[in-house]
1. Rounded, prolate or oblate, given the Cα gyration tensor of the stretch 17-97, with a/c below 1.5 counting as rounded?
2. For residue 395 and residue 10, compute 0.36 nm times the residue count separating them, minus their Cα-Cα distance, and round to one decimal in nm.
3. Work out how much length residue 230 to residue 62 would gain on full extension: take 0.36 nm times their residue separation and subtract the Cα-Cα distance, in nm to one decimal.
4. Given R₀ = 56 Å, what would the calculated FRET efficiency be for residue 25 paired with residue 269, taking r from the Cβ atoms and rounding to 0.05?
5. Provide the packing ranking of 36-47, 138-149, i.e. peptides ordered by the mean count of other C-beta atoms within 10 Å per residue, highest first.
6. For residue 51 paired with residue 253, estimate the spin-label separation in nm (one decimal), with each label point 7 Å from Cα along the Cα-to-Cβ line.
7. Highest mean first, what order results for 405-417, 9-21 on Cβ atoms within 10 Å?
8. Using Cβ contacts closer than 10 Å as the measure, can you line up 227, 90, 32, 250 from fewest to most?
């Protein structure tokens, strides 16, 4: 369906209202259920309804509830936004934002492979979406062109639990692969345990398709495609060396040899217009980086730097209720390590210390996550729902309210990384007492680092 063109008309058995949503049309249907376009005031939603009786199966019920939980906790501009749900209703339904635009499968079918610039835009958006999921310990498991909407804001990943009807991929209880197998990872084919690396492989297949118009392991007979995924190299003919080098790493049979989604995102972000980029992805047992085009300086790991002298500034107060719910939610983000480790150069002419001289180690500065672009206020079950920024003797202070969205009382240590102009300039820490399930508490986070003026971005890490 392209650009929100008319969907199927409602039948007599279709609901006309689901909660506050007025149902207008069918978007799609399949064995699992029906997806409707619905409105509530100015809001437009895609509402998924599970077919009657399916939720009697505990696995189906758990899958539907898990999708709602994932979408509630994971927010990013490249992930469809959760709006509403009634999991216990009759019928049960889940509402996400309605995103006008074609899916990637239809877009490539109609207009052909993406240009290099649009391809890198696609890679950046989807790698960011997968990085968010990886932070939350979630594997999408169904990365494919039909599950990517080409929207005005960029690519948007959809379907976090109920497969699309046309080419849904699933594994039966007996281990038989059904549907379209072209986007499976070797782990899925082998029925091995799945990790975030499986999604990276599927993303590699999707990006190869976006560049060529054909799946890299073929299509048609299921057995032949699955064998290609297990044993054969991908078909990347016609793709330039830079993108081909990245895709080969993403499509490695061994998941330990693949870059993480965050590494793919870092590579995609540095890709210039001339399509040359330094691909230094030394993942797994690999010891040599791949370099295509003029070598670029390795991206530095974010570190807390010595900031400039602070200037007096009134406290800045933000409340999450009016923050636009987009951007990466960095829950326990680890800094992306790209490039070779930096070695301290020694001037041959300078005096060298004696081997018997005691060397005093300089403490390593606190490492911060890679700059996420927007506030990331949730970490696991903990949410910094509101906060204010001030200074005490020039040192950063953050006062806020923290919510425990877990199912039992708990306490946590909190670390908040503070960015100004994309640079990690300070880190504040504190802890909560025991907070009841669903409850909240006030916290004060203090820092040994100087406050800096500007438009700050915060990343919360709990635990």
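1. Details: a/c = 1.75, a/b = 1.18, b/c = 1.49.
Taking the square roots of the gyration eigenvalues as a ≥ b ≥ c, the stretch 17-97 is oblate.
2. Values: separation 385, 0.36 × 385 = 138.60 nm, distance 6.06 nm.
Additional length available on full extension: 132.5 nm.
3. Values: separation 168, 0.36 × 168 = 60.48 nm, distance 3.00 nm.
Extending this stretch completely gives an extra 57.5 nm.
4. Working: r = 38 Å, r/R0 = 0.68.
Plugging the Cβ-Cβ distance into 1/(1 + (r/R0)^6) gives 0.90.
5. Numbers: 36-47: 18.6, 138-149: 23.2.
Descending mean neighbour count gives 138-149, 36-47.
6. Here the modelled spin labels are 3.8 nm apart.
7. Details: 405-417: 16.3, 9-21: 12.9.
Packing proxy ranking, top to bottom: 405-417, 9-21.
8. Details: 227 14, 90 8, 32 21, 250 26.
Lowest to highest Cβ neighbour count: 90, 227, 32, 250.
Bear in mind that the values in this text are calculations on the coordinates, not laboratory data. Remember, predicted model here, so these are calculated numbers, not experimental data. Here Cβ is always computed from backbone atoms with ideal geometry, including for glycine, and neighbour counts include all displayed protein chains.
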